[in-house]
Structure formats: C-alpha cells, structure tokens
Amino acid sequence: MLGQIFQTFANCFRIPELRSRLVFTGLVLLVARLVALIPIPGLDGRALSAHFEANSGQGGVVGFYSLFTGGALEKCSVGSLGIMPYISATIIIQLLSAVLPGLAKLAREEGGRAKIIAYGRYLTVLLCLGQGLVMAIGWENPSEAFKFDGRLVLIDNRWIYLFQTVVILTAGTLLLMWLGEQISERGIGNGVSLLITVGILARLPLAFTSLWTGFFPPDGNVAKFRWPHAVLLLALLAIVITGVILVTQGQRKIPVQYAQRAVGRKVFAGSTSFMPLRVNYAGVMPVIFAQAILMFPGLLFEKLGAAMNLPFFSELARLLRPDSVFYLLAETLMIIFFSYFWVATQFNELQIADDLKKHGGYIPGVRPGVATSDFLHRSMSRLTLAGAIFLAILAAIPTLMNFSMEIDFNVATFFGGTSLLITVGVLLDTMRQMESHLLLRQYDGFLKKGRVKGRS
C-alpha cells in the first residue's frame, strides 16, 4: 500500500498541470509561513515566545487562538491575527444569507455571489481592525493577557504603537486571505483550509519535543511516561483518526427516482440517482463556536471576582475552567445545539423537496412535496445527532488528556479537537482533488480499491 501511495505521488509530478499546481501551492504556503514568522516592529516577540515555550502545557484562549495562527501570536508576528477574521466574516455572511431574504435573493442572482464575497472582505477588514486593537492592547498588558511579567512594547508613543500595530495586523490577515484565494484558484485544495492546516502542522515539532521529553527527560529527572503510555497513545491516535475519517466521509444515500418526461420533442427516460446526506454536515464549526463562546465568560468572571472581591464570580470562573465537569457538559450541549443550528440555516429541505418535484424526481415510498420535506428533516436530524455526539467526544479528548493524564496541551491537541478534525478533513479533500487529476489522465489513484471519495 505504501508503495502504491509513493508511486501515486510520483505520478502527480508527471502531469504538467498538476505539477505546476502543487509547486505553486507549496510556494504560497511557504510565503504564508514567513508571514507567521516576521515580527512586528516595536514588539519583543522573542521574550513572549520564550515565555510560551516555558509554559507550553497551558491551554486557554491564548493557546486555542495560537493553535490556528501556527504560533504567530506568541511571536508577535505580522500574521498574528491569522486567517480567522476572514473565516468569521464568511460564516457571518452565510448565516445572514440564511436569515435575511435580501442576501438570500442576492446569492441566487447573476453576479450576486461576487457581491457577497466583497461584503465578506469588507467585514473582514472591520473584524481585523477590532481584533487587532484588542490584540495590541493585550501586548501592552502582557501580565493580564499572557501572564508574562515583562515588557513587550518597545515604542514609547502609545498612539503610534497602536496605529502601526493595528494596520500591520490588518494587512497581514488580508495578505493571508489573498494567498488563500490564490491557492483555491491556481493551486490544489482549498486555500483557506490549507493555511489553517499548515499552521496546525507547524506545531508538530514542538509537540514531538514535549512528548519526547516526557519519555526521555534530561539527566537527573524522572520520566513522566513509560512504554504502556506509548502503546496507549498510539492506539488512541489510530482510533481517533479512523473515527474522524469515517465520520467525515460518512453519508446516507437517499435513493431518488426520476420519471420519464418530455421537453418539447425530446423525451428523457427515467433514471435512478441518490441524494447524499452527510453525517457531519456542520464540519468543525460547532466545536469552534462552542469553545470560543465558553472561554471568554470564564476570563470575565475571573477578572470580576478578583476586582470586586465577590466569591460568586470566582465560583462561576471555577465552574467554567476547562478541567471542570460543568465545562465539559456545557461544551457538549453547545456543540449539539450549534450542529442543529448550522444544519437548520444551511440545509433547506423545503427547497430540495420543491426542486425534486419540479424536475419529476421523488423518493421511493415517499409522496412528493411536504412528505418528502418531512422525510428529509427526520433523516437529517438523526444524522446530525450522531455527528454532534461524535464531535462532542472528539472535542473533550484534548481536555481530558491535558488535565487527567497531564499530557502537554500541544501534544493533546493532535489527539482530538478541532486541529485533528481540520487536518484530516483538509488532507482528504486535497487528496480527492489530486486523484481527480490522476484519474482524468488514466493514472491510478492513491488506493487501487476504494477511491478517496469527496466529503460532499
């Protein structure tokens, strides 16, 4: 099997178009990594990076955000905001399109898609300005934001520092947004998803170093882990990756029968097809929404409890710590809620049933119209529940490993959570696109039996 995979990668470079796309994608990703390494003038990124390395086992808001920036945040680099503002703007526009009739109508008009993309870019700029200002203020007060006792800002004039930093952070995110669009258009794979994946994989050396230190500590220290831990970690990694692949690729095929119909003088014969309903329709979005919402109230209650000396707020902050049972329960319920919310806003069973009826299609055993809509609603609800439960279990794995087994947070994130789900999904999607180029030119795909099927 490995020989077949290596042979397939060699075939990829024998196709001129695919070779140019792969080389272009690699060069653009290299530029994106440079953006994550170039420090912002006037900030001492080395001191903050050393602080992060000394406290690498900590998670929290900063650790979660730094994971998606590929370590750019802790280096005070140009790309510290990462691509997340663009993703947030895109999600907001999608949700508004499902709620506001004007945007929904614009999306169906000719040229409307380009306008919606432009609205997303404008919203990205606004989000970058707001988040950039918050991040710049956080670097001004590192003791509160990063628990770092030192000075990061080297510019005496506060207003010059804030203006310069916000502009540079906004420009960095816009550059990453443009690079992602270039990959999608001229490279291979989804550009924005690849940028996030490369940022996650960039932390692999740090995770491997931390894991190696746990098994083979420096002289004079006792090893934290033994060989049974290694077997357990490898087995857990294999089980989680297999589960992610199965759920990501999993779908229920609803059979659809098209009756014979006549259009003018042409008569179209009846045919049988199927409608794929994905198990994990919402993807990684419910996990991101749930974790982002739960992290900030804990910090707010902790600050209020310390400032006002009120035990009530301190108790709420304790309940919202990632290692508490209440936090895991709240995270599970919010993941399930956002899974159904995403399906409700993105999956329109009424329109699907209406389109089937217009084109002479029907589900065998189900009456067209309202009955078809109800059938699709029930089927999608059951699939969403299964996918949401899997996402909740996957999201809880890093937290349980970090606090119960005392495994470094950078290591635990590769055994579950959003990082593993994004990485596996993006790699599968990229392999699917590469395989389509290979099969088009009569080359074998990555596997002789069982093609890498698309997620949609």
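The values are calculated or read from the model by the stated rules, or taken from the named source; none is laboratory data. A quick note: this is a predicted structure, and the numbers were derived from the prediction, not measured. Neighbour counts are summed over all protein chains in view; Cβ atoms, including those assigned to glycine, are modelled from backbone coordinates with ideal geometry.
Being at pLDDT below 85 and of a type in the set (S, T, N, Q) is the filter; apply it to the stretch 250-292 and report the residue that is nearest to residue 420 (Cα to Cα).
Residue satisfying both the conditions and the ranking: 291.
Based on this model, can you work out whether residue 344 counts as in a helix (DSSP H, G or I), in the same structural domain as residue 253 (by TED's automatic domain parsing) and either buried (at least 16 other Cβ atoms within 10 Å of the Cβ) or under 30 Å from the mean Cα position of the chain (by Cα) (or both)?
yes
Would you check which residues across the stretch 117-164 are under 26 Å from the mean Cα position of the chain (by Cα) and farther than 30 Å from residue 104 by Cβ and list them?
If the condition is that a residue be under 26 Å from the mean Cα position of the chain (by Cα) and farther than 30 Å from residue 104 by Cβ, then 132, 133, 134, 135, 136, 138, 139, 145, 146 are the ones that fit.
Among the residues of the stretch 355-373, how many are of a type outside the set (Gly, Ala, Ser) and out of contact with any helix residue (DSSP H, G or I) (no Cβ under 8 Å at 6 or more places or on another chain)?
5
Give me the pairs: first residue in the stretch 28-44 and assigned to a helix (DSSP H, G or I), second residue among the hydroxyl-bearing types (Ser, Thr, Tyr) and crowded, with 21+ Cβ neighbours inside 10 Å, beta-carbon distance under 8 Å, and six or more apart or on different chains, which are they?
35/77
Among 375, 338, 347, which is modelled with pLDDT of 90 or more and among the aromatic types (Phe, Trp, Tyr)?
375
Filter the stretch 151-193 for residues that are surrounded by fewer than 18 Cβ atoms within 10 Å (Cβ to Cβ) and not in a helix (DSSP H, G or I) and give the result.
151, 154, 155, 156, 157, listed by residue number.
Suppose the filter is modelled with pLDDT of 85 or more, under 18 Å from residue 250 (Cα atoms) and in contact with an Asp or Glu (Cβ under 7 Å, 6 or more places away or on another chain); does residue 391 pass it?
So residue 391 fails the test.
Find the residue count for the stretch 20-46, including only residues that are closer than 20 Å to residue 164 by Cα and over 23 Å from the mean Cα position of the chain (by Cα).
So the count comes out to 9.
Restricting attention to the stretch 194-209, and to residues there that are of a type outside the set (A, V, I, L, M, F, W, C) and assigned to a helix (DSSP H, G or I), which single residue is surrounded by the fewest Cβ atoms within 10 Å (Cβ to Cβ)?
205
Considering only residues that are among the hydrophobic types (A, V, I, L, M, F, W, C) and surrounded by 17 or more Cβ atoms within 10 Å (Cβ to Cβ), look in the stretch 39-57 and name the one that is modelled with the lowest pLDDT.
Across the stretch 39-57, the extreme among qualifying residues is 52.
I'm checking my understanding of the structure. Among residues of the stretch 117-167 that are touching a residue at least 40 places away in the same chain (Cβ under 8 Å) and among the hydroxyl-bearing types (Ser, Thr, Tyr), which one is nearest to residue 192 (Cα to Cα)?
Selected residue: 124.
Taking the condition in contact (Cβ under 8 Å) with a residue 12 or more places away in the chain and basic (Lys, Arg), does residue 113 pass?
No; evaluated as a whole, the condition is false for this residue.
For the stretch 391-405, what are the residues that are surrounded by fewer than 21 Cβ atoms within 10 Å (Cβ to Cβ) and assigned to a helix (DSSP H, G or I)?
393, 396, 397, 400, 403, 404
Across the stretch 304-336, what is the total count of residues that are without any contact (Cβ under 8 Å) to a residue 24 or more places away in the chain and either part of a helix (DSSP H, G or I) or among the hydroxyl-bearing types (Ser, Thr, Tyr) (or both)?
19
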